[in-house]
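Right, one structure below, let's go through it.
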Amino acid sequence: MTTLRDHRSATRSGWKPVIALSLGIATVVASEFLPASVLPDLSRGLGISEGMAGLAVAATAVAGAVTAPSIALVLPRTDRRRVLTLLLLIATASNIVVAIAPDFALLLTARVLLGIALAGYWSFAFPAGVRAMPGRDHVVSTALAFGVSVATVVGVPVASLVSGALGWRTTFAAAAVLCALAALSLVLTLPSVPAHPSAGSAMLGRAVRTPRLVLGSVLVALSVLGNFVAYPYIRVAVAGIAPNAAGWLLLCWGLGAMLGNLLAGRMAGRLRMLVASAPLLLAVGLVLTATAQSLPLLVVAVVIWGVAFNALPVATQLWMARAEPELAESALSLQVMAFQLAITIGAVIGGVLLDSYGVSTALIVGAVVAIAASAGFAALPAPSSPLARTRS
């Protein structure tokens, strides 16, 4: 029988590896969005258009979607600490190649490698963290999501400043150093994480034949799609009301993002409510942003938007992992695939809507999709808490 003292001891001993895992996801996600931070400099440096340079982000997302379910097939029995370390080293190599790339073709190839690293790291980091901190899956998920928020809220503007001062190639070189340090921190803190006995094709086959996981993946995709139909165009959305305050409004969105991570972790015991309310709250934020006529209301709108969307990674990760605990690794790879596909498809749909009907239409369509995801999650029974199971 597991006691409260056991859980506290496991939590204390597990913080170092969980922090290392969070650092790893922060460096990989920051690397994913680096081209957006240095876009003008990158396009001038390689002699390409900004639109073509933007493909450096899309290539990473597409590669992540394609490879997320397949990494466990390639390395079914490899210790997950080694896999996670290898993936961070691949991210390191990707950033080094980008930093020295003489042309866009080589840069794009390196960005595909980053997509592989990103997808695999997302899939394996959560199970490894739960192994280090048993019975505290909500803490692990919150820590990983917080790393993502820090990467986007802090990493993106800092990268832009570094690029302006030292050049875009130096920015990618610095990202390579950070990825290498994250890999070293895993080696020093993360204990051995043996692969699940059924990991690989057997587990993935069972996962894709489990209706609950397949439907959950679809609902994850709808939730993320609702956000990314609108998010790439958030500057356009706020410019009509506050053209000189876009930077501050994005900071408000980022602060809401951090709050959303923490609130989601606190609500992990009410997972059904959390996973249904997050996309519904996202819809509220999108509608308010689309219809706001004053700066105070716009501030409220973007904070709600940031809180809601950044609660989703925690909520959906916990839902997928708890739905079928024996299939958690493959379930999370399906979640990653759904995320990456939705990011890519959402940005394309949003761009078409923006050009054809305006940014408000893109936000409203995103809200409708998010409401559909909320209704779907509300109709499904919530998985049980692992902590509740260990107390029995």
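The values are calculated or read from the model by the stated rules, or taken from the named source; none is laboratory data. These figures come from a predicted structure and were not determined experimentally. Cβ placement follows ideal geometry from the backbone for every residue including glycine, while neighbour counts extend to all protein chains displayed.
A few points about this structure:
- Residue satisfying all of: in region 324-372; under 20 Å from the mean Cα position of the chain (by Cα) and of a type in the set (S, T, N, Q); surrounded by the fewest Cβ atoms within 10 Å (Cβ to Cβ) among these: 344
- Within region 1-28, residues that are more than 14 Å from residue 140 (Cβ to Cβ) and of a type outside the set (A, V, I, L, M, F, W, C) reach partners that are at pLDDT 60 or above and not in a loop (DSSP other than H, G, I, E, B) with beta carbons closer than 6 Å, at six or more positions or on different chains, in the pairs 27/178; 27/179; 27/182.
- Where helices (runs of 4 or more DSSP H) fall entirely within region 18-134, those with at least 3 residues that are under 18 Å from the mean Cα position of the chain (by Cα) and outside the structural domain of residue 327 (by TED's automatic domain parsing) are at 55-67, 80-100, 104-132.
- Assessment of region 279-286 against the conditions (over 20 Å from the mean Cα position of the chain (by Cα), under 23 Å from residue 350 (Cα atoms) and not assigned by TED's automatic domain parsing to the domain that holds residue 120) yields at least one matching residue.
- Restricting region 287-314 to residues that are over 22 Å from residue 242 (Cβ atoms) and modelled with pLDDT of 90 or more, the residue that is nearest to the chain's Cα centre (by Cα) is 312.
- Residue match in region 93-107 (condition: touching a Phe, Trp or Tyr at 6+ places or on another chain (Cβ under 8 Å) and either among the polar types (S, T, N, Q) or closer than 30 Å to residue 331 by Cβ (or both)): yes
- Enumeration of residues in region 191-209 that are assigned to a loop (DSSP other than H, G, I, E, B) and modelled with pLDDT under 80: 195, 196, 197, 198, 199, 200
- Index of the failed condition, residue 154 passing every other in (1) surrounded by fewer than 17 Cβ atoms within 10 Å (Cβ to Cβ); (2) under 18 Å from the mean Cα position of the chain (by Cα); (3) closer than 18 Å to residue 96 by Cβ: (3)
- Any chance residue 222 is in a helix (DSSP H, G or I), farther than 23 Å from residue 288 by Cβ and out of contact with any strand residue (DSSP E or B) (no Cβ under 8 Å at 6 or more places or on another chain): no
- Residues that are modelled with pLDDT under 80 and surrounded by 16 or more Cβ atoms within 10 Å (Cβ to Cβ) were ranked within region 47-60; the one that is farthest from residue 220 (Cα to Cα) is 53.
- Test: residue in region 155-166 that is touching a residue at least 60 places away in the same chain (Cβ under 8 Å) and within 26 Å of residue 335 (Cα to Cα): yes
- Residue list for region 90-115, filter: of a type outside the set (Val, Ile, Thr), within 19 Å of residue 70 (Cβ to Cβ) and modelled with pLDDT of 95 or more: 91, 94
- Filter result for residue 157 (assigned to a helix (DSSP H, G or I) and either charged (D, E, K, R) or under 22 Å from residue 250 (Cα atoms) (or both)): yes
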